[in-house]
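Notes to accompany the following structure.
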Amino acid sequence: MRSGIAAVLLSFAAGACAQQAPLPDVPTLMKQVQEHQRKMDETRENYTYHESILTRELYKDGSSKKTESEESEIFFVNTHEIDRTVKKNGKDLSPEEQKKEQDHVMKDVAKAQKTAPGQATDKNDVSVSQLLAIMKVSNPRRETLDGRSTIAFDFTGDPHAKTHGIAQDASKKLSGTLWVDEKDREVRRMIARFDDNFHLGFGLFSVGKGSNFVFNQKLVNNELWLPTDGQAHLIAHAIGIIGYRADIAVTDNDYQKFHAEAQQQAGVKLNQPTPQP
């Protein structure tokens with residue numbers, strides 16, 4: 001009986017010690033996360049996927065004003081995302097709209113080919129990798145998401161970070177929480193918000209205090225980390241417009257192999273689509 005009790009006590013003690021394992025060195029961990037995110041940005045060039053965006057425009061009291069949807073095929077050139085819209089409000093594009101969209105895609109591809117990997121092709125774009133580079137983290141702690149151990153941080157934008165473009169400048173005004181998968185050193189979730197108004201275009205347009213977004217990545221089939229979904233609540237103001245409010249939901253799925261020479265990642269179910277330019 002005493003040996004049985006001792007075994008139980010030792011088991012509890014071992015579990016307590018495991019739970020109290022020291023947190024990883026924060027600067028080293030963040031460097032690893034940035035490097036893994038950059039590698040994932042490169043890996044995504046081997047895939048195309050389907051993205052659905054549902055935008056619900058709101059009145060000031062939060063009631064729904066109108067709802068619009070858009071579906072796109074996403075692929076990457078030189079690590080830069082290229083979006084090709086295929087449906088609007090559930091309907092396929094007309095032949096005229098398809099031609100216009102194809103011209104738009106070709107211009108984006110040309111711009112991506114001339115822009116170095118990791119740099120924004122548009123001053124209004126910012127990637128997760130770029131956000132990681134301009135944030136200051138604090139208060140590290142362990143939390144469990146989907147049964148996996150993560151290191152959670154509070155973060156704020158670094159006012160002294162070097163940025164390029166409006167979107168990266170605006171990111172300095174963000175604060176929120178970042179979750180990093182402890183085993184794989186990948187971004188699992190990010191929740192960010194604007195704590196103050198941010199003015200764009202000589203004050204003609206501003207993103208309002210209270211705007212926020214959520215971004216999720218998950219381990220697909222225990223093999224590959226991919227972005228899966230996101231939500232945003234946008235409050236904006238512009239000259240001549242009382243205000244704009246909207247809830248935006250983004251869903252990414254149906255990942256497929258894109259480049260013929262790319263190696264398919266194990267465990268991910270992929271089809272071979274007809275590559276788009």
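The values are calculated or read from the model by the stated rules, or taken from the named source; none is laboratory data. Predicted model, so just to flag it, every value in this text is computed and none were measured. For neighbour counting, all protein chains shown are included, and Cβ atoms are generated from backbone atoms with ideal geometry for every residue, glycine included.
Values for this structure:
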| read-out | value |
| --- | --- |
| Candidate set: segment 205-228, residues that are among the small types (Gly, Ala, Ser) and modelled with pLDDT under 90; chosen: the one surrounded by the fewest Cβ atoms within 10 Å (Cβ to Cβ) | Gly210 |
| Looking only at segment 106-130, and only at residues there that are at pLDDT 85 or above and hydrophobic (A, V, I, L, M, F, W, C), the one that is surrounded by the fewest Cβ atoms within 10 Å (Cβ to Cβ) | Ala116 |
| Selection from segment 84-98 of residues that are among the charged types (D, E, K, R) and outside any helix (DSSP H, G or I) | Arg84, Lys87, Lys88, Lys91, Asp92 |
| Scan of segment 182-197 for residues that are over 20 Å from Gln231 (Cα atoms) and either under 16 Å from the mean Cα position of the chain (by Cα) or at pLDDT below 75 (or both), ordered by number | Arg185 |
| Condition broken by Val109, with the remaining ones in (1) of a type outside the set (Lys, Arg); (2) free of Cβ contacts under 8 Å to residues at least 12 places away in the same chain; (3) assigned to a helix (DSSP H, G or I) satisfied | (2) |
| Checking Pro22 against (1) out of contact with any Ser or Thr (no Cβ under 6 Å at 6 or more places or on another chain); (2) surrounded by 15 or more Cβ atoms within 10 Å (Cβ to Cβ), the condition it does not meet | (2) |
| Condition check for Lys39: part of a helix (DSSP H, G or I) and of a type outside the set (A, V, I, L, M, F, W, C) | yes |
| Thr177 in contact (Cβ under 8 Å) with a residue 12 or more places away in the chain, under 25 Å from Glu51 (Cβ atoms) and among the hydroxyl-bearing types (Ser, Thr, Tyr) | yes |
| Contacts under 6 angstrom Cβ, first residue in segment 19-46 being in contact (Cβ under 8 Å) with a residue 60 or more places away in the chain and more than 19 Å from Asn78 (Cβ to Cβ), partner acidic (Asp, Glu) and surrounded by fewer than 17 Cβ atoms within 10 Å (Cβ to Cβ), 6 or more apart | none |
| Condition check for Thr48: in contact with a strand residue (DSSP E or B) (Cβ under 6 Å, 6 or more places away or on another chain) and at pLDDT below 90 | yes |
| Any hit, segment 129-138, residues being under 20 Å from Ala192 (Cα atoms), in a loop (DSSP other than H, G, I, E, B) and without any contact (Cβ under 8 Å) to a residue 40 or more places away in the chain | yes |
| Where a residue in segment 157-172 is among the polar types (S, T, N, Q) and its partner, wherever it lies, is surrounded by 15 or more Cβ atoms within 10 Å (Cβ to Cβ) and assigned to a loop (DSSP other than H, G, I, E, B), with Cβ under 8 Å and at least six apart | Thr163/Ile134; Thr163/Lys172; Gln168/Ala120; Gln168/Val126; Gln168/Ile134; Ser171/Val126; Ser171/Ile134; Ser171/Thr163 |
| Yes/no for Glu101 being outside any helix (DSSP H, G or I) and touching a residue at least 12 places away in the same chain (Cβ under 8 Å) | no |
